[in-house]
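Just below is one structure, and these are the notes that go with it.
No value in this document is a laboratory result; all are computed from the given coordinates. Since the structure is predicted, the reported quantities are computational estimates derived from the model, not experimental observations. Cβ placement follows ideal geometry from the backbone for every residue including glycine, while neighbour counts extend to all protein chains displayed.
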Amino acid sequence: MYETEETSGGHRVLVDRIWPRGVAKADAGWDEWCKEVAPSTELRKWYKHDPDRFAEFRRRYLAELDDDDHRDAVVRLRAQAQKRGLTLLTATKDVDHSAAAVLADVLGNTG
């Protein structure tokens, strides 16, 4: 879920495709919303955050991250992570089985 500013470092990026419920944009508290790097709507709906599907979700999402629709955002976030540090934010309750966890591995960032 979201971390407080005190517990996260660097550039704070929401990486969900859908804006989180109950969060006003004026009160968001992060630096950027990068929905371009989120899984496609089709993949997200197929996955349904079912941990039993995570291995296949991970495989499919990694393929998406390498396609033309995602590649530029991944390159930009990787550069940001190397420059200032990066904190990925998600509304997902099970972060270990989330797109943010896969993306953190791709970016070489665990924060």
Original post:
Tally Lys and Arg at +1 and Asp and Glu at -1 over the other residues with C-beta under 14 Å from the C-beta of VAL75: what net charge comes out?
Top reply: -2
Original post:
What Kirkwood hydrodynamic radius do you get for the chain when you take the inverse of the mean 1/r over all pairs of distinct Cα atoms, in Å?
Top reply: 14.2 Å
**OP:** Starting from segment 6-111, pick out the GluC sites (Glu not before Pro) whose DSSP state is loop and whose Cβ has at most 15 other Cβ atoms within 10 Å.
**Re:** GLU6
Original post:
Most fluctuating residue of LEU77, LEU43, LEU88 in a GNM of the chain with Cα springs under 10 Å: which is it?
Top reply: LEU43
**OP:** Determine the sum of side-chain charges near GLU56: Lys and Arg each +1, Asp and Glu each -1, restricted to other residues whose C-beta is under 13 angstrom from that of GLU56.
**Re:** +2
Original post:
Where a Cα-Cα gap under 17 Å defines reach, which lysines qualify for LYS25, not counting those fewer than 8 residues away within the same chain?
Top reply: LYS35
Subject >> ARG71-HIS49 FRET efficiency (beta carbon distance; Förster radius 25 Å; 0.05 resolution) >> reply: 0.50
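Could you give the length gained on full extension between ARG84 and ALA26, defined as 0.36 nm per residue of separation minus the Cα-Cα distance, in nm?
Once the chain is fully extended between ARG84 and ALA26, it gains 18.5 nm.
In the chain, once you exclude exposed trypsin sites (Lys or Arg not before Pro) (DSSP loop, at most 11 other Cβ within 10 angstrom), what's the longest stretch remaining?
After excluding every exposed loop site, the longest remaining stretch is 49-92.
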Original post:
Taking a point 7 angstrom from the Cα of ILE18 along the C-beta vector, which residues in segment 70-92 have backbone N less than 17 Å away?
Top reply: 90-92
**OP:** Can you tell me the relative contact order of segment 11-107? Whole percent, Cα pairs under 8 Å, sequence separation 6 or more.
**Re:** 37 percent
